[in-house]
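Here the structure is laid out as structure tokens; the discussion comes afterwards.
The values are calculated or read from the model by the stated rules, or taken from the named source; none is laboratory data. These figures come from a predicted structure and were not determined experimentally. When we count neighbours, we look across all protein chains shown, and the Cβ atoms used for this are built from the backbone with ideal geometry, even at glycine.
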Amino acid sequence: MVIDHVSRGALLSSTLPDARGRFGEFGGRYVPEGLMAALLELEQTYALARADAQFRDELHELLRTRVGRPTLLHQVPRFAELLAVTGVRVYLKREDMTHTGAHKINNALGQGLLAKRMGKTRIIAETGAGQHGVAVATVCAMLGMTCVIYMGAHDMHRQASNVMRMTLLGAEVRPVETGSRRLKEAISESVRDWVSNLDTTHYLFGTSAGPAPYPLIVRDLQTVIGRETRLQILKSEGRLPDYLVACVGGGSNAIGLFHPFIDEPDVRLIGVEAAGLGVETGVHAATLSAGSPGEMDGAYSYLLQDDDGQVTPTHSIAAGLDYPGVGPELSYLKDIGRVTYRTATDAVALRGMHALTRTEGIIPALESAHAVGYVLELAERGDLPADSIVVLGLSGRGEKDLAIAAERPAG
Ligand SMILES: *Cc1c(COP(=O)(O)O)cnc(C)c1O
């Protein structure tokens, strides 16, 4: 099968960061001296694994048998009808149908295998929405590793079902009570743990951000989304899509979908960020749309900061998008003009969630619903040309968001 072949080619994608781990001016390694050796060990291990057919075969086999890849790409005709644009075809790339229900498992599994290769027995991770924590806890159970998850207390409250899942899977979930009690602080706590347990522990970072080599590793592991999409759309349409649309938090599902299409100038790549209550209100998480470059969480990239360079608080109805930073490769793709960034408010995301659910029987995660709602708005503004083919990255399923959706029913 062709998809098997491509999936196995998995990690051999073309664009690489430079020797300092930078995409253009973005990226790098802004970390305490004590972490440098661990990052270099990870970089070297990954460089060998990336070129090792046996590693790729093992990953491929587990993605097939345990994650459920390839995931479906299919049309959503009743949703497309809502757009009222002649001849438009909308496809969903169904990462919500993976085991554990979001794209995060693609990365967690790959890094879990890397950790084993390095002889580590313990995995730590940060989580925002809890999806990454669930994916990591699942992989740790599969591979027989100890698992500690750091999660902001605020996020634990709003994603209680995922906390229960992680605990059931055997992970220890440690609440983080500092600062805004969200993803950003959970990352800081994870780094603190890692520095004092380097011999035994791998820090399984959840998005395509952070210090090198994480942006490259996570990107490579997520490009399986875009590689499958490419084959699937060619099979059903005989041509590439006009639009790829994905939500952007740290950026991993977006870069995973976009990357295999970067050299295709006719494919428009649109990343949708969380506008929260509205970008103009200042209460949002639209890093690339409203931020500026600076240094945070080990890398130089776009971030939300005030005039003094202090990272500003964020808000999104979707916990997985509620982060003031973004990965360096997406920053680079903004500056060279290859990816367009747009935003969707909490209200637009909710509208997207309800619309897709009612027309197609698919409940998207609130994160993914930002991309869904954006496409509705694009069509309403008259900016979606007739006969367009649109692929929407459906990064995850909405079960974790039922309580939030129930409080704000369809209008
Ligand atoms: C975590 C998450 C996101 C945001 O993370 P990215 O790294 O930007 O992909 C988006 N959708 C879902 C369902 C998530 O769980």
The lone exception for residue 342 - which of (1) within 23 Å of residue 216 (Cβ to Cβ); (2) in a strand (DSSP E or B) it fails: (1)
The number of residues in the range 359-378 that are within 17 Å of the chain's Cα centre (by Cα) and assigned to a helix (DSSP H, G or I) is 7
What number goes with the only condition from (1) over 27 Å from residue 211 (Cβ atoms); (2) surrounded by fewer than 18 Cβ atoms within 10 Å (Cβ to Cβ) that residue 312 does not pass? (1)
Against the conditions (1) over 20 Å from residue 220 (Cα atoms); (2) in contact with a Leu (Cβ under 8 Å, 6 or more places away or on another chain); (3) β-branched (Val, Ile, Thr), where does residue 121 fall short? Just the number, please. (2)
Search result, residues across the range 198-210 that are in a loop (DSSP other than H, G, I, E, B) and surrounded by fewer than 24 Cβ atoms within 10 Å (Cβ to Cβ): 198, 199, 200
Taking only pairs six or more apart or across chains, which ones have beta-carbon atoms under 6 Å, a first residue in the range 208-221 that is of a type in the set (Val, Ile, Thr), and a second residue that is in a helix (DSSP H, G or I) and away from the ligand (no atom under 11 Å from the Cβ)? 217/46
Suppose we filter 393, 398, 352 for residues that are assigned by TED's automatic domain parsing to the domain that holds residue 317, touching a residue at least 12 places away in the same chain (Cβ under 8 Å), farther than 30 Å from residue 15 by Cβ and within 17 Å of the chain's Cα centre (by Cα); which single one remains? 398
Could you check how many residues of the range 303-328 are within 11 Å of the ligand (Cβ to nearest atom) and among the acidic types (Asp, Glu)? 1
Can you name every residue in the range 73-106 that is within 16 Å of the ligand (Cβ to nearest atom), under 18 Å from residue 227 (Cα atoms) and not in a helix (DSSP H, G or I)? 92, 93, 94, 98, 102, 103
Restricting attention to the range 125-137, does a residue exist that is surrounded by fewer than 24 Cβ atoms within 10 Å (Cβ to Cβ), at pLDDT 95 or above and away from the ligand (no atom under 11 Å from the Cβ)? no
